[in-house]
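The values are calculated or read from the model by the stated rules, or taken from the named source; none is laboratory data. Remember, predicted model here, so these are calculated numbers, not experimental data. Cβ placement follows ideal geometry from the backbone for every residue including glycine, while neighbour counts extend to all protein chains displayed. Protein only, heavy atoms only, side chains kept; ligands, DNA and RNA dropped before computing areas. Shrake-Rupley method; radii C 1.70, N 1.55, O 1.52, S 1.80 Å.
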Amino acid sequence: MIEVLAKLGRGPVFLAGEVLECVITFTNPLSASSTSASSEMLAWASAQIHCQFHASENRVALPPSDGSKHDVQAENETVFVPNRGERGQCILSTPPKILFCDLRLDPGESKSYSYCETLPVDGPPSFRGQSVKYVYKLTIGCQRVNSPIKLLRVPFRVLVLHGLKDYQFPQDEAVAPSNPFLEEEEGLKKDSRLADLATELLMVATSRRSLHLYNISNTRGKVGMFCIFKTVYKIGEDVIGTFNFSEGDIPCLQFSVSLQTEESIQEEFQRRRGQPVSFSTHARHQEACLHTAQSSFSLPIPLSSTPGFSTNIVSLKWRLHFEFVTSGESAGTCLVRGSQSEAITWTGVEQMEVDTFSWDLPIKVLPTNPVLASYVSQFSSTNSITI
């Protein structure tokens, strides 16, 4: 028996273009006092990253796959196929890397191997929607002699920030700031600069503030005014907006604001022509606001959510969905006067005619620092299997 443990060094969330580093440890768990006859042998081990794509048959019409590319060896359990048994199709994979050949482990002995691979920048982000799914995994295959291959899968999340792949790092390393007291490998140095660059680009894109004012009106007149200071956010930020109903001609009785994603299938892949778009609500604020001059809301963008993106099959957009309930007539109140020694008591009307209308405001949601997203990831940094 051999225990295989895979651990992602920094966490289970990465930016496309970063280097994924995983330490794989092989251990013979028997006591060191056991005889040498209890030694274990592995013929080889290999690792590979792949992205698995799965689409709902009720929503997405995919073209027929090319059967000529089918590999008959894939049916053999002694061939390393990282996505064996997975649903959907593999749309992206890195070249497999051999970790070792002919490994012998005595009782109580362990050996560790480091796997490093740059995540492709042209792939989709990790996404689990109502119509499609993009799932990234690192698969480690191990085999004993004359035995089937055992697979250890390490799922992780990929965030895509557009513009990173177009950036060219300077060739002269002397101009780049560095710490002379630390020795860094070239790959890790570039990976660190890539993360710093992504953080800087996100900061610039989401820190720009500009007052956006919108008049809220229906067919009968002005209801109020909505104010928001920016429309570009990172996941993990709060969307904050304010309302001013003091200058409205039509009384607003209630409003609600929902933070939503809009998942739409590209026209050529739609199962039915003109099929509806799928919406998902991530946060919601509702408030009764009759006789309220000003109000506000704050909606958090979950760190676990997917930033907006677009592929040849699906696109994901973010929006604020507003719903207003306004009075269909004068929203006066009834005065009930008690005795002269008592104060005037205000009571609301029992029935009132109302009108409702909605409004959508598109916003843009970008990724964030992958280290922050790792704190709320559903994936574990450590996975293991016994073979």
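Need the full-extension length gain, residue 246 to residue 54, defined as separation in residues times 0.36 nm minus the C-alpha distance. One decimal, nm.
On the way: separation 192, 0.36 × 192 = 69.12 nm, distance 5.05 nm.
Using 0.36 nm per residue and subtracting the Cα-Cα distance, I get 64.1 nm.
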Given the whole protein assembly as supplied and a 1.4 Å probe, what does the accessible area of residue 101 come to in Å², nearest 10? 90
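Sorted by packing (mean other beta-carbon atoms within 10 Å per residue), highest first, where do 366-374, 225-233, 119-127 land?
In decreasing order of mean packing, 366-374, 225-233, 119-127 become 366-374, 119-127, 225-233.
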Please report, for the Cα atoms of segment 290-332, the Rg to one decimal and the Dmax as a whole number; what are they, in angstrom? 17.8, 54
Just the accessible area for residue 113, please: 1.4 Å probe, Å², rounded to the nearest 10? 50
To the nearest Å², the heavy-atom accessible area per residue of segment 193-332 with 1.4 Å probe amounts to 49
Expected sort for 313-323, 79-89 on mean C-beta neighbours within 10 Å, highest first, is 313-323, 79-89
How far, in nm, would the chain grow between residue 217 and residue 62 when pulled straight, counting 0.36 nm per residue and subtracting the alpha carbon separation? 51.5 nm
Order of exposure, largest accessible area first, which applies to 53, 279 with probe 1.4 Å: 279, 53
Could you calculate the contour length gain from residue 290 to residue 210, that is, 0.36 nm times the residue separation minus the distance between their Cα atoms, to one decimal place in nm? 25.9 nm
